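A quick write-up on the structure given underneath.
Every number in this text was worked out from the coordinates using simple rules, so none of it is lab data. Keep in mind that this is a model prediction, so the values were computed, not measured. Virtual Cβ from ideal backbone geometry, glycine too; neighbours counted across all protein chains shown.
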């Protein structure tokens, strides 16, 4: 059986790239197709460079570094990938990979991280945050996203089966594509995160500093609580903006190496999360360290955090609501047992993912 794995891009390490790594470990002889790839990340993920096949975008000017500039070409580029001769095709999709062209003789299963966020759920938020008003640039952006939305919907039947990374995304797939899906939570490398029962007196958040992650909200909330220390790990386009909002009790560390991130998560009093995530790997990774999570009560957090047992869920994506949640956490801090929090995280481990994913694929191959 010849297997092909399709990934949007292999440039920066994120949740979808970790999914591809786990799938590739199940099918080590598979060829991996992607729009663009960076050799350093390919090596970091322990993928076979000889099996990586890129699209026309890789060869365009600045294609590898500024590939997102070629967004209007993504649908065209993904359709040019030649998948003839493969029996099983697995796409890891949060943008266009579900739209690859296959035949009726091939089995195509897509692991859907989300329908294209900036074309659907985050469409108006994306335009607002990018300052795309009804000027020439804004109208062009709206037209491009409109065409991508049309393409995305018309290609909804190309996968034979959908796997969602959470029930939250499963509902989004049903809403946008009118397709059923099966939830298999993404792989968390629990073994890399060591339980630490002794905590220090600081809170932590970690993320790429982009608007929808709402790190600015967290920083403003803690700036309003000067007696509580917050450590922020991560870099991104909003770094300078967030730095200006930060009080003296907020420490911005920027990018951190993996081992430094783990140490910071282990010792933190709690991990703070304010985004609406499709799943959210970092809250699970924090729990694997025995660290409770204070998270907004929406999206994947509802499926990974148990209120008053492994963390605190707050009801509004506001500064006041987060401040109240921190107060509730501190008033009930004795209820959070690091060992029990760690045990809860283990249900999201890599081996569990591999087992469930392989069982799902095998069941469809038999049909």
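A few comments on the model shown:
- Residue order, fewest to most beta carbons within 10 Å, for 18, 259: 259, 18
- For the stretch 64-100 versus the stretch 130-162, the gap between their alpha-carbon centres in whole angstrom: 15 Å
- Distance from the stretch 168-216 to the stretch 245-310 (C-alpha centre basis), Å: 9 Å
- Mean separation of Cα pairs under 8 Å and 6 or more residues apart, divided by the residue count, gives the chain a relative contact order of 13 percent.
- Label-to-label distance, nm, for residues given as residue 224 and residue 367 (7 Å Cα→Cβ offset): 5.0 nm
- The stretch 115-198: relative contact order as a whole-number percent, Cα under 8 Å and 6+ apart: 23 percent
- Modelled FRET efficiency - R0 30 Å, residue 136 with residue 41, Cβ distances, 0.05 increments: 0.25
- Between helix 258-267 and the chain: long-axis angle, C-alpha atoms, 0 to 90°, nearest 10: 40 degrees
- Fewest-first sequence of 304, 154 by Cβ atoms within 10 Å of each Cβ: 154, 304
- Ellipsoid semi-axes in whole angstrom, largest first, where each is sqrt(5λ) of the Cα gyration tensor of the chain: 35, 24, 19
- 296, 126, 255 arranged by Cβ crowding within 10 Å, fewest neighbours leading: 255, 126, 296
- Measure of compaction for the stretch 190-348 (Cα Rg per 2.2 N^0.38 Å): 0.93
- Helical contribution to [θ] at 222 nm, DSSP H n ≥ 4, -39,500 (n - 2.57), averaged over the chain, rounded to 500: -11000 deg cm²/dmol
- Contact order relative to length of the stretch 190-348, as percent, for alpha carbon pairs under 8 angstrom and 6 or more apart: 25 percent
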